[in-house]
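The values are calculated or read from the model by the stated rules, or taken from the named source; none is laboratory data. Since the model is a prediction, treat every value here as computed from it, not as a measurement. Neighbour counts are summed over all protein chains in view; Cβ atoms, including those assigned to glycine, are modelled from backbone coordinates with ideal geometry.
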Amino acid sequence: MKWVEIEIVTTEEASDAICEMLSQLGADGIAVCDPLEIKRIIDDPDSLAYADDGFVDSLGLDVTIHAYFAEFDDGIRLGAKEEEYENPEGVGTIYGNIATGTKSLEDTIALLEERLAAIGEFLTVGDGKVKYKYVKDEDWENEWKKDYHAFSVSEHVVIAPTWEREETEAALDSGKKVVFLDPGSAFGTGTHETTSMCAEFIDAYLKPEDTVLDVGCGSGILSIICAKIGASSIEACDIDRMAVDVAIENCKENDVEVDCYTGELKDAKKEGYSLIIANIVAEIIASIAPLVPGKLLPGGRFICSGIIDHKKEIALSACKEAGLRLIEEKQKGDWHAYYFEKI
């Protein structure tokens, strides 16, 4: 078996969608180098990260994604690793990402370029070119770790990879909570603006008595943050079974209790919640907005993000029409997040 490193140079706007596509196609590891995000982390006065002068400028402005695929004698393995993850209704269908079996390297590159073109119909992806190289079997696992280090995602919460557990805990002051989360899947590691804005809302507004529902939980990062800060009870659901399994493992890694299950808002287990979180995309937020007030207790709140600038009115209008009052909004780059209360 050999390892193929795929490199895609793209934009911040499209990076999440491309990572999700790579994950659905069977990538065994995914690493994202976003110069703007690195600069935000380094410039944060609470950040634990450090870089030499000129390092960030040397990276340019483009986002570089590296994905690692296993190549066997019969070709590159594609698709979910287990049949139970081949969900025809899961997130992989958004851009037509589901693929199974093995393909030659040439056919794999062609498939990736085809998928990039599909994403490019909705988002700006850059030139859409795919580069590759082979990496040594003993080197690939550490290669995708090199750009991921501990950073502050909100005032009181730090995200750190598990391989930096000891040094992160030693460097933290008593007022910080640390969430250990490894990259390698497309389900969210906290580096994206949408996740950090949700984390900031949670950090500012979460109450100890809150009952929380995290819709489209991905890696479970927002649920884990809620648990670390001290919510009373937390449910996390996602339509993608693979994401749910990732969330379950991350909750175990952080020793927190979160009820993770496959489903969507209509599948919520409780009659009502004091806080619902949805870090998804504008169209899906608009589609579930009419259901949100009915799932909220009196005085309940709704945090939503994943909303690109040119689609913010879609989500805002739907939430307001549903009977939610906008309390606060955030913007980072081209992304928006909103904090509502039930009227």
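Observations on the structure shown:
- Residue that is surrounded by the most Cβ atoms within 10 Å (Cβ to Cβ), among those in segment 193-216 that are farther than 14 Å from Arg301 by Cβ and touching a Phe, Trp or Tyr at 6+ places or on another chain (Cβ under 8 Å): Met197
- Residue tally, condition touching a residue at least 24 places away in the same chain (Cβ under 8 Å) and not in a helix (DSSP H, G or I), over segment 234-261: 14
- Selection of first residues in segment 210-228 that are assigned by TED's automatic domain parsing to the domain that holds Glu249 and within 16 Å of Glu193 (Cβ to Cβ) and of second residues that are of a type in the set (Asp, Glu) and surrounded by fewer than 24 Cβ atoms within 10 Å (Cβ to Cβ), restricted to Cβ pairs under 8 Å at least 6 apart or on distinct chains, gives the following pairs, ordered by first then second residue: Ile225/Asp203.
- Residue match in segment 262-283 (condition: assigned by TED's automatic domain parsing to the domain that holds Val157, under 19 Å from Ser152 (Cβ atoms) and in a strand (DSSP E or B)): yes
- Contact annotation: residue pairs with Cβ atoms under 9 Å, 6 or more positions apart or on different chains, pairing a residue in segment 267-290 that is closer than 16 Å to Glu235 by Cβ and without any contact (Cβ under 8 Å) to a residue 60 or more places away in the chain with a partner that is aromatic (Phe, Trp, Tyr) and assigned to a strand (DSSP E or B), are Asp267/Tyr261; Lys269/Tyr261.
- Segment 217-248, residues that are surrounded by 24 or more Cβ atoms within 10 Å (Cβ to Cβ) and among the polar types (S, T, N, Q): Ser219, Ser223
- Counting the residues of segment 203-243 that are within 22 Å of Val281 (Cα to Cα) and touching a Pro at 6+ places or on another chain (Cβ under 8 Å) gives 0.
- Test result for Val130, crowded, with 20+ Cβ neighbours inside 10 Å and modelled with pLDDT of 90 or more: no
- All positions within segment 5-18 that are surrounded by fewer than 19 Cβ atoms within 10 Å (Cβ to Cβ) and hydrophobic (A, V, I, L, M, F, W, C): Val9
- Residue count for segment 330-343 satisfying the condition of being among the aliphatic types (A, V, I, L, M) and either under 18 Å from the mean Cα position of the chain (by Cα) or modelled with pLDDT of 95 or more (or both): 1.
- Qualifying residues in segment 297-329 (those that are crowded, with 22+ Cβ neighbours inside 10 Å and in a strand (DSSP E or B)) - the one farthest from the chain's Cα centre (by Cα): Leu324
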